[in-house]
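Enquirer: Submitted below is the structure of interest, expressed as structure tokens.
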Amino acid sequence: MRRLLLAGLSAVGLALSFSAATAKEVTLKAGVFIPPNASFGVPMDIFVDHVNEVGKGVLQIRLVGPEAIPGAEQPNAVISGVLDMAAVPPPYYKGMFVEADAVSLTNHTLAELRESGAYKMISDMAEEKMGVVYLTTYGGGITFHVYLNKDANSLDDIRSSRLRSQTIYKQIYDQLGVEGTNIPTPDVFTALERGVVEGYGWPLNGIGEMGWAPETKVRIDPGFYNVDVTVIMNEKSLEKLDEEQRKVLFDSVAWFDDYMVEWTEKALQDEIEFQKNAGIKTLDIGHEYVDLALEQYWADLEKQSPDTIPAIRKALMK
């Protein structure tokens, strides 16, 4: 009887010990604005996988894509706490935080922005205006481009064209003298095929993935601005993490920052090779129009937020 009692107490002790160990593990819910297997979703998937690997028993992240919460709704989901974090481009929350758009204009690396304190400055503004903090940003070094589905040998062949657009292309389209029209991403191929548009704006990466290569003949160089996908986190969700959980999170952020430099370089090389093999030609129009578009973008941001943008520009530009 005594042995049975001791065995029972031992089993209870083990169960309590196991419960205490597992109770410490916290699972955060994260979103990504496009599918995790898409070009600009893959980095977030990599980040989550790394946290889940090194954070076993301490911190885990469950990732959902736009099929669960549409990308445009994810910033509000983070603010409300429905999501603990999300990887989204700043234009998705520009209405609440205009200054966020400036990060895509920087000519500093993320490491340089962290070292100078500029990244923390932006994060502090995000915390004040939205109740979120910036964990990390990826896409730096991947530029935006204009693509045509017709031959072009000079600017004259580009002007007056009708191109699929998004907000970030307004200034460059104005400089090139082209007309922008909003077309949902899934409809771009059909619009090109039917001649509704003669081209589109898109980052350097992802043409093959989107299936647009057969309807693309020319890429306009040089590229402009930077892709900016920022992982924002609800400040209250962050505050709830204990010291060990925070260490897993921020060690993973440091690892991710470094890893993305290598990952982005390879992704760019692969994409350039793909476009070359797909027969997509390049037309270099020089930096004049890119520089003018950049100036116009800064001027537009300053009109929207005259008290903060001058200081932000000084911090973000060399």
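Enquirer: Please report how far the C-alpha centroid of segment 217-265 lies from that of segment 89-110, rounded to the nearest whole angstrom.
Expert: Using only Cα atoms, the two centres lie 14 Å from each other.
Enquirer: Per residue of the chain, what 222 nm ellipticity follows from adding -39500 (n - 2.57) for every DSSP H run with n ≥ 4, rounded to the nearest 500?
Expert: Numbers: 12 runs with 145 residues, N = 318.
Result for the chain: -14000 deg cm²/dmol, rounded to the nearest 500.
Enquirer: Oh, and also: About its Cα centre, how strong a charge dipole does segment 193-318 have in debye, to the nearest 20, once Lys and Arg get +1 and Asp and Glu get -1 at the Cβ? Show your work: numbers first, answer last.
Expert: Working: 14 positive and 26 negative charges, 54 e Å.
Once rounded to the nearest 20, the dipole reads 260 debye.
Enquirer: So, one more: Suppose every Lys and Arg Cβ carries +1 and every Asp and Glu Cβ carries -1, with no other charges. What dipole size does the chain come out with about its Cα centre, to the nearest 20 debye?
Expert: Taking the Cα centre of the chain as origin, the dipole is about 980 debye.
Enquirer: Another one. Could you name the aspartates and glutamates in cross-link range of Lys150, using Cα to Cα under 13 Å and dropping any fewer than eight places away on the same chain?
Expert: Glu193, Glu198, Glu215
Enquirer: Sort all Cα-Cα distances of segment 278-318 into consecutive 10 angstrom bins from zero, then give the percent of pairs in each bin up to the one containing the longest distance.
Expert: It works out to 25, 38, 21, 13, 4, in whole percents.
Enquirer: With the convex hull built on the Cα atoms of segment 168-318, state its orientation-averaged projected area in nm².
Expert: Computed as one quarter of the Cα hull surface, the answer is 12.3 nm².
Enquirer: If you don't mind, there's one more thing I want to ask. Is the shape of segment 57-114 rounded, prolate or oblate, going by the alpha carbon gyration tensor and its root eigenvalues a ≥ b ≥ c, with a/c under 1.5 for rounded and a/b larger than b/c for prolate? Can you show the working numbers first?
Expert: Working: a/c = 2.38, a/b = 1.37, b/c = 1.73.
Since a/c reaches 1.5 but b/c is at least a/b, the shape of segment 57-114 is classed as oblate.
Enquirer: Say the dipole of segment 164-278 comes from +1 at the beta carbon of Lys and Arg and -1 at that of Asp and Glu; which of Phe274, Leu238, Phe189 then lies farthest toward its positive end?
Expert: About the Cα centre, the residue reaching furthest to the positive side is Phe189.
Enquirer: Here is a further query. Could you size up the charge dipole of segment 157-206 around its Cα centre, putting +1 on the beta carbon of Lys and Arg and -1 on that of Asp and Glu, and report it in debye to the nearest 20?
Expert: Numbers: 5 positive and 6 negative charges, 15 e Å.
In debye, rounded to 20, segment 157-206 gives about 80.
Enquirer: So, one more: Using Cα springs under 10 Å in a Gaussian network model of the chain, which residue among Asn52, Asn76, Asn277 shows the largest mean-square fluctuation?
Expert: Asn277
Enquirer: When the chain is treated as a GNM, springs tying every alpha-carbon pair under 10 Å, which of Thr143, Thr106, Thr27 comes out with the largest mean-square fluctuation?
Expert: Thr27
Enquirer: Any of Lys94/Lys247; Lys94/Lys120; Lys129/Lys314; Lys29/Lys236; Lys129/Lys303 with alpha carbons more than 24 Å apart? Name them for me.
Expert: Working: Lys94/Lys247 30 Å; Lys94/Lys120 18 Å; Lys129/Lys314 21 Å; Lys29/Lys236 13 Å; Lys129/Lys303 18 Å.
Beyond 24 Å between Cα atoms: Lys94/Lys247.
Enquirer: Continuing with this model, one more query. Name the residue farthest towards the positive end of the dipole of segment 60-184 from the options Ser80, Met96, Ala68, assuming +1 on Cβ of Lys and Arg, -1 on Cβ of Asp and Glu, about the Cα centre.
Expert: Working it through, the farthest residue towards the positive pole turns out to be Ala68.
Every number here is computed from the coordinates shown, using simple stated rules; none is lab data. Quick caveat, the model's predicted, so the values are computed rather than measured. Cβ coordinates were reconstructed from backbone atoms using ideal geometry, including for glycine residues, and neighbour counts include every protein chain displayed.
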